[in-house]
1. Residue C:113 fails exactly one of the following numbered conditions: (1) crowded, with 17+ Cβ neighbours inside 10 Å; (2) within 10 Å of chain A (Cβ to nearest Cβ). What is the number of that condition?
2. Just give me the residues in the range C:34-50 being open to solvent by 30 Å² or more (accessible area, probe 1.4 Å) and either away from chain B (no Cβ under 13 Å) or touching a His at 6+ places or on another chain (Cβ under 8 Å) (or both), in sequence order.
3. Could you go through the range C:20-32 and let me know if any residue there is more than 14 Å from chain B (Cβ to nearest Cβ) and closer than 16 Å to residue C:98 by Cβ.
4. Residue A:39: under 17 Å from the mean Cα position of the chain (by Cα), among the β-branched types (Val, Ile, Thr) and within 20 Å of residue A:109 (Cα to Cα), yes or no?
5. Determine which member of the set A:111, A:122 is in contact with a His (Cβ under 9 Å, 6 or more places away or on another chain) and among the hydrophobic types (A, V, I, L, M, F, W, C).
6. May I ask you to say which residue of C:104, C:96 is within 16 Å of the chain's Cα centre (by Cα) and within 10 Å of chain A (Cβ to nearest Cβ)?
7. Would it be correct to say that residue C:128 is at the interface with chain B (Cβ under 10 Å from one of its Cβ atoms) and buried (at least 22 other Cβ atoms within 10 Å of the Cβ)?
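The values are calculated or read from the model by the stated rules, or taken from the named source; none is laboratory data. Because the structure is predicted, anything quoted here is derived from the model rather than measured. All Cβ positions, even for glycine, are placed from backbone atoms using ideal geometry, and neighbour counts span all protein chains on display. Ligands, DNA and RNA are stripped out before the accessible areas are found, and what is left, the full protein with its side chains, is counted by its heavy atoms. Shrake-Rupley method; radii C 1.70, N 1.55, O 1.52, S 1.80 Å.
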Amino acid sequence: MKSHTQYLTFNTASRREYINITTDVERAVSDSGVSEGLILVSAMHITAGVYINDAEDGLIADIDEWADRIAPLGPDYNHHRTGEDNGDAHLKNLLIGSQVVLPITAGKLDFGPWQQVYYAEFDGRRKKRVIVKIIGE
Amino acid sequence: MKSHTQYLTFNTASRREYINITTDVERAVSDSGVSEGLILVSAMHITAGVYINDAEDGLIADIDEWADRIAPLGPDYNHHRTGEDNGDAHLKNLLIGSQVVLPITAGKLDFGPWQQVYYAEFDGRRKKRVIVKIIGE
Amino acid sequence: MKSHTQYLTFNTASRREYINITTDVERAVSDSGVSEGLILVSAMHITAGVYINDAEDGLIADIDEWADRIAPLGPDYNHHRTGEDNGDAHLKNLLIGSQVVLPITAGKLDFGPWQQVYYAEFDGRRKKRVIVKIIGE
């Protein structure tokens with residue numbers, strides 16, 4: 001069995017941002033030398049997400065508006081009694097999901113035609129990380 | 001380490017449909033010859049879901065009504081400026097989830113008494129695929 | 001390849017409860033002898049969740065209130081025609097997620113500074129299980 005671990009680092013200019021990391025994941029697959037296996041791509045923070053969807057700007061705007069409608073920024077969350085102001089980001093993380101597992105077949109990311117991996121920042125403007133962990137042979 | 005890859009194909013008659021694929025996953029486990037391992041079951045499209053829940057028709061109707069309340073069909077999504085009409089299906093995919101990872105123990109799917117794996121079609125009437133990827137020994 | 005399987009058992013006093021199981025997962029990693037690998041932590045029931053988030057009581061109250069706003073207890077779900085009263089718990093399971101996959105690096109759970117694994121009971125007061133399945137080397 002082979003394994004391979006990489007950490008991606010983000011420090012977004014905006015509070016919320018959506019970053020296509022598919023190329024980074026493909027590079028990790030190539031670096032790993034794994035031809036059949038699984039990749040975990042998981043946010044190491046609880047106010048960010050990782051999801052699979054389309055690289056289309058309109059859809060990204062829809063995802064952002066939808067997540068903020070279902071888990072709105074600002075309301076008086078209980079969590080804010082700690083001095084934090086990011087209760088919404090914790091809930092957006094649960095709504096969108098904070099990790100995906102991807103298949104490697106014949107040395108490549110085994111994706112459908114429109115699948116792309118995104119990092120979703122819900123409380124940025126500081127350094128955050130994503131782990132890419134590959135196991136296989 | 002052993003690995004095994006299968007693709008399930010769907011072409012539903014309706015826009016939205018919920019299909020129990022537990023038997024297909026169990027067959028893949030059997031075909032793989034893996035006795036201890038993990039199975040990734042993941043939609044290869046971004047307008048479909050894969051989830052674990054109950055094989056009960058009332059509940060399936062509840063899931064469909066709920067998903068359409070939280071991410072409604074039809075509103076004027078930004079994504080629709082591309083000519084698409086399936087913005088809701090992309091959001092339903094994020095709400096319900098598009099993949100599950102299942103345990104194999106002693107050569108069998110290690111499930112609780114009521115767990116079943118479902119394919120959730122949110123924008124059907126065309127050919128779509130799910131990957132079943134098994135690794136283990 | 002090594003594998004390791006453990007089952008955690010819960011029987012909560014309340015209908016809904018949120019239990020930090022990070023220590024249990026860390027013990028499973030240690031028991032497994034795996035230094036590089038993946039851990040699946042998955043509810044074996046369809047009315048419970050497993051998620052990664054913060055060990056902060058205010059946030060846990062926010063998660064509970066939010067899940068009950070998005071998938072409310074009580075309404076007349078179709079599922080209740082079977083005699084059940086837990087339609088909300090099935091939907092909360094889909095909203096919050098019922099499983100996570102965690103990385104093991106250098107023999108330890110490879111987590112960010114605030115990540116904790118929680119068992120979320122949405123329909124308790126009876127015995128329920130979570131599977132912890134580790135594969136790696």
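1. (1)
2. Across the range C:34-50, the qualifying residue is only C:35.
3. yes
4. yes
5. From the options A:111, A:122, the qualifying one is A:122.
6. Just a single option satisfies the conditions, and that option is C:96.
7. No; evaluated as a whole, the condition is false for this residue.
Conditions tested, residue by residue: (1) open to solvent by less than 20 Å² (accessible area, probe 1.4 Å); (2) over 19 Å from residue A:78 (Cα atoms); (3) of a type in the set (D, E, K, R).
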{"site": "C:52", "(1), (2), (3)": "yes, no, no"}
{"site": "C:63", "(1), (2), (3)": "yes, no, no"}
{"site": "C:81", "(1), (2), (3)": "no, yes, yes"}
{"site": "C:85", "(1), (2), (3)": "no, yes, yes"}
{"site": "C:89", "(1), (2), (3)": "yes, yes, no"}
{"site": "C:94", "(1), (2), (3)": "yes, yes, no"}
{"site": "C:101", "(1), (2), (3)": "yes, yes, no"}
{"site": "C:107", "(1), (2), (3)": "no, yes, no"}
